[in-house]
Amino acid sequence: MAFFESIMNATITLEGIFAYLLNLVTVTLQEPTVAWAIDSVKALLAPVWADRYIACMVLALVIAFFGKRMYGLLKFLAGFAGGFVVGTAVLAPMVSFIPENWRFVVGIVVGLVVALLVKVLYYVVVVVGVGYAAYFCAFSATYLPQVFNFTKGNTLYSAIVAGVAIILVLLLLKWIEMLGTAVLGGYGFALSLAHVYNICTISFLSNMGNIPHYVVMGIVALVGFIIQVKTRKRY
């Protein structure tokens with residue numbers, strides 16, 4: 001009951017949700033077996049590890065330009081990763097007889113289950129995520145208070161806003177997925193480029209802070225979105 005009251009009163013903040021998810025990832029990466037596996041992969045890739053950011057740049061461009069076409073694979077991998085984190089950091093510690101070094105097994109099992117069911121779970125996550133985010137923004141008026149002032153503290157109006165947001169997202173989902181993967185690819189490219197060559201060291205860009213990185217991100221995202229739109233499957 002307390003959980004539903006916190007939902008209705010929007011006391012669970014979006015920042016709190018992101019912080020909780022980030023903490024789950026951190027806990028998972030700190031699991032002894034997971035940390036050992038990561039170190040082993042690093043050792044195996046030692047000869048080419050210095051070029052990892054170049055590889056990430058290429059991968060980011062692929063995601064930016066062809067994200068929608070490979071969206072099924074991305075959802076599968078994201079589903080497995082999410083299930084692995086939940087299984088390792090949340091479910092495994094609840095089972096007392098599982099040794100700490102074997103918690104990753106629970107993560108693998110849960111990850112595979114989630115990955116296999118990702119087509120259905122994806123829409124559940126979209127509806128719940130978009131619905132609560134819209135409800136929180138409308139009820140708390142934390143963001144854009146001028147826009148959501150009339151819905152602040154009003155459960156009915158906030159629920160209507162959430163419902164409209166869900167409907168719009170579902171109707172525009174294909175376009176949002178193309179834009180989202182383009183932006184993700186642009187962000188990944190700009191972030192990786194910063195480790196290969198910091199364009200902010202160029203004299204006429206040196207006083208612009210991080211703006212050049214955002215410009216690179218925006219250019220890649222825009223080009224990627226246009227390519228995805230032009231090459232999309234028409235039904």
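The values are calculated or read from the model by the stated rules, or taken from the named source; none is laboratory data. Owing to the predicted nature of the structure, the values given are computational and were not obtained by experimental measurement. Cβ sites come from the backbone with ideal geometry, for glycine too, and all protein chains shown count toward neighbours. Quick note on the areas: whole protein, heavy atoms, side chains included, nothing else; ligands and nucleic acids left out. Shrake-Rupley method; radii C 1.70, N 1.55, O 1.52, S 1.80 Å.
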Given N residues in segment 84-135, what is its alpha carbon radius of gyration divided by 2.2 N^0.38 Å?
1.40
Let me check against my output: what whole-number percent is the relative contact order of segment 32-172, with C-alpha pairs under 8 Å and at least 6 apart?
18 percent
If each of Ile54 and Phe18 carries a label point 7 Å out from its Cα toward its Cβ, how far apart are those two points in nm?
3.3 nm
Roughly how many percent of the accessible protein surface of the chain is carbon and sulfur, given a 1.4 Å probe and a whole-percent answer?
76 percent
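Sorted by accessible area with a 1.4 angstrom probe, largest first, how do Met217, Met178 fall? Each step should come with its number before you reach the end.
Numbers: Met217 45, Met178 0 Å².
In descending accessible area the options line up as Met217, Met178.
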With 29 Å as the limit, write out which pairs from Lys119/Lys152; Lys75/Lys233; Lys75/Lys230 have Cα-Cα distances beyond it, or answer none.
Lys119/Lys152
Roughly how many Å² is the accessible area per residue of the chain, as a whole number, for a 1.4 Å probe?
64 Å²
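Considering only protein heavy atoms, with the full assembly of protein chains and a 1.4 angstrom probe, order Val106, Val120 by accessible area, largest first.
Numbers: Val106 30, Val120 100 Å².
Greatest to least solvent exposure: Val120, Val106.
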Within the chain: Cβ-based charge dipole about Cα centre, in debye rounded to nearest 20 (Lys, Arg +1; Asp, Glu -1)
940 debye
Pop a pseudo-label 7 angstrom from the Cα along the beta-carbon direction at both Ile38 and Phe4 and give the gap in nm to one decimal.
3.9 nm
Contour minus Cα-Cα span, Val113 to Thr142, at 0.36 nm per residue, comes to 6.8 nm
Zone of Glu100 (label point 7 Å along Cα→Cβ, backbone N under 18 Å): which residues in segment 21-40?
24-39
According to the Kirkwood expression over distinct Cα-Cα pairs, how big is the hydrodynamic radius of the chain, in Å?
20.7 Å
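Given the -39500 (n - 2.57) contribution per DSSP H run of 4+ residues, what per-residue ellipticity at 222 nm results for the chain, rounded to the nearest 500 deg cm²/dmol? Spell out each step's value before the answer.
On the way: 11 runs with 170 residues, N = 235.
Rounded to the nearest 500, the figure is -24000 deg cm²/dmol.
Mean Kyte-Doolittle of at least -0.5 and a Cα length of 30 Å or more along the axis: which whole DSSP H helices of the chain meet both?
Span-like helices, by this rule, are 118-140, 173-196.
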